[in-house]
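Taking it in order: structure first as structure tokens, then the write-up.
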Amino acid sequence: MRPNNAPEQGNETLIRHILKLSEDIYRTIKLSVPSEWLTSDMTVAQLRVLLILHADGPSQMSFIASSLGIAVSTATGIVDNLVRKGLVTRGADPEDRRLVICMLSPQGQETINRMWILGQSQMKRLLQGLSVEQLKKASEVAEFLLANVTSKSNNSV
């Protein structure tokens with residue numbers, strides 16, 4: 001651990017240090033993964049599609065494909081499997097009925113919600129046991145991160 005009065009380090013060195021600490025944290029707390037996820041037949045690519053639809057809302061196949069950096073035909077195959085599993089639905093674009101829009105089904109939204117709740121409970125475990133002063137510092141860091149991300153997303157629009 002670097003003492004507070006140590007000479008300032010470059011951004012890249014500090015970022016690597018923070019990433020190393022986060023790896024150590026997650027290795028130490030032994031993330032609990034629901035057994036249903038370990039036995040799930042969902043692929044990483046399918047999970048990524050669910051996350052895109054959750055983050056961006058109903059989307060055209062071309063948007064899903066470009067977001068994943070894959071061909072539209074590959075994205076179509078992934079979505080086909082998600083539709084068969086009841087996690088995604090397809091519908092016509094109200095402005096152009098020739099276009100197909102993919103969206104999370106209620107079951108797909110529930111899957112994402114369970115992931116979110118698991119993440120929240122893991123974060124709560126990380127924060128429990130900290131003093132009020134430490135929680136204030138953690139809150140301040142979270143506010144810095146949010147401001148940074150918000151600033152970047154506003155600049156890219």
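Bear in mind these aren't lab numbers, they're just calculated from the coordinates by the rules spelled out. Values in this document were obtained by computation on a predicted structure and should not be read as measured data. In this analysis, Cβ positions are derived from the backbone assuming ideal geometry, glycine residues included, and neighbour counts consider all displayed protein chains.
Backbone amide hydrogens, once placed in the peptide plane, bring residue 60 within less than 5 Å of 102, excluding anything fewer than 5 places away on its chain. Taking 0.36 nm per residue of separation and subtracting the Cα-Cα distance, full extension of the segment from residue 43 to residue 126 would add 27.1 nm. Working note: Karplus 6.51/-1.76/1.60 with θ = phi - 60° gives region 75-82 the couplings 4, 4, x, 5, 5, 3, 5, 5 Hz, where Gly and Pro are set to x. GNM remark for the chain: springs join alpha carbons under 10 Å apart, and the peak mean-square fluctuation among 100, 79, 88 falls on 100. Simple rule: put +1 on each Lys or Arg Cβ and -1 on each Asp or Glu Cβ in the chain, find the dipole, and look at 28, 59, 14; the Cα lying farthest toward the positive end is 28. Given the options 145, 87, 19, state which has the largest fluctuation in a GNM of the chain using a 10 Å cut-off (strictly under) for Cα springs. The residue that fluctuates most here is 145. Of the options (i) 17.3, 59; (ii) 18.3, 57; (iii) 20.2, 63, only one is Rg and Dmax of the Cα atoms in Å as computed from these coordinates, and that is (iii).
About its Cα centre, the dipole of the chain is roughly 320 debye, where the only charges are +1 on Lys and Arg Cβ and -1 on Asp and Glu Cβ. The string of couplings for region 100-110 from the Karplus curve (6.51, -1.76, 1.60, θ = phi - 60°) is 9, 10, 9, 8, 5, 7, x, 5, x, 5, 5 Hz, one whole number per residue in order, with x for Gly and Pro. Comparing 66, 40, 121 in a Gaussian network model of the chain (Cα springs below 10 Å), the most mobile by mean-square fluctuation is 40.
So if we plug the beta-carbon distance of residue 28 and residue 73 into 1/(1 + (r/R0)^6) with R0 = 41 Å, what FRET efficiency do we get, rounded to 0.05? Each step should come with its number before you reach the end.
On the way: r = 43 Å, r/R0 = 1.05.
Approximately 0.45, to the nearest 0.05.
Along region 49-63 the Karplus relation, 6.51 cos²θ - 1.76 cosθ + 1.60 evaluated at θ = phi - 60°, assigns HN-Hα couplings of 5, 4, 5, 4, 5, 5, 6, 9, x, x, 9, 6, 4, 5, 5 Hz to successive residues, with x for each Gly and Pro. Amide H to amide H distances under 5 Å link residue 99 with 93, where only residues 5 or more positions off or on other chains count and H is placed in the peptide plane.
Calculated mean residue ellipticity, 222 nm, the chain: -21500 deg cm²/dmol, from DSSP H runs (n ≥ 4) at -39500 (n - 2.57) each, averaged per residue and rounded to 500.
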